Amino acid sequence: MISYILWDKSAELFSWGQFTLRWNGFLLILAFLIGRQILLHIHKKEGKQTKEVDIQAIYLTISIFLGARLSYVILYQPQLWSRPLTVFFSL
């Protein structure tokens, strides 16, 4: 059964010049947008201000990207800790 699954699918959704959008990036953006819409619906239903949703979404987005980058560096590239600026910036 497992031999019937196509395992070598391209990771690229589309490419335009230097810009390449991959499936995992597209799905991450889609998850953020759907989550924001769910939060908006909940806040409207409870009668709260929708301005809070934008602030929460910004904090959530920043913390997820920082956490993902830190976990990648800790697990797969610990040698980058010798030059701390390279953890978040490609120098």
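Observations, loosely collected:
- From Thr86, Thr61, residue being surrounded by 12 or more Cβ atoms within 10 Å (Cβ to Cβ), modelled with pLDDT under 85 and assigned to a helix (DSSP H, G or I): Thr86
- Taking the criterion of being assigned to a helix (DSSP H, G or I) and exposed (fewer than 10 other Cβ atoms within 10 Å of the Cβ), the residues of region 1-23 that qualify are Ile2, Ser3, Tyr4.
- Some residue of region 27-35 being part of a helix (DSSP H, G or I) and β-branched (Val, Ile, Thr): yes
- Pairing each residue of region 41-54 that is of a type in the set (Lys, Arg) with any residue that is loosely packed, with under 12 Cβ neighbours inside 10 Å, provided the two are 6+ apart or on different chains, yields C-beta distances under 7 Å for Lys44/Thr50.
- Hits in region 64-83 (condition: open to solvent by 90 Å² or more (accessible area, probe 1.4 Å) and of a type in the set (Gly, Ala, Ser)): Ser82
- Subset tally (residues that are closer than 13 Å to Leu60 by Cβ and open to solvent by less than 70 Å² (accessible area, probe 1.4 Å)) for region 24-44: 5
- Residues of region 45-56 that turn out to be open to solvent by 100 Å² or more (accessible area, probe 1.4 Å) and part of a loop (DSSP other than H, G, I, E, B), as a count: 2
- Scanning region 39-91 for residues that are among the charged types (D, E, K, R) and over 24 Å from Leu28 (Cα atoms) returns Lys44, Lys45, Glu46, Lys48, Arg83.
- Residue within region 9-18 that is of a type in the set (Ser, Thr, Tyr) and under 22 Å from the mean Cα position of the chain (by Cα) present: yes
To keep it simple, each residue is scored yes or no on (1) at pLDDT 85 or above; (2) of a type in the set (Lys, Arg).
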site	(1), (2)
Lys9	no, yes
Ser15	yes, no
Arg22	yes, yes
Phe26	yes, no
Ile55	yes, no
Leu75	yes, no
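The values are calculated or read from the model by the stated rules, or taken from the named source; none is laboratory data. Computed from a prediction, not measured in an experiment: that's the story for all the values here. Note that we place each Cβ from the backbone using ideal geometry, even for glycine, and neighbour counts take in every protein chain shown. Remember, those area values only see protein heavy atoms, side chains included, never the ligands or the DNA or RNA. Shrake-Rupley method; radii C 1.70, N 1.55, O 1.52, S 1.80 Å.
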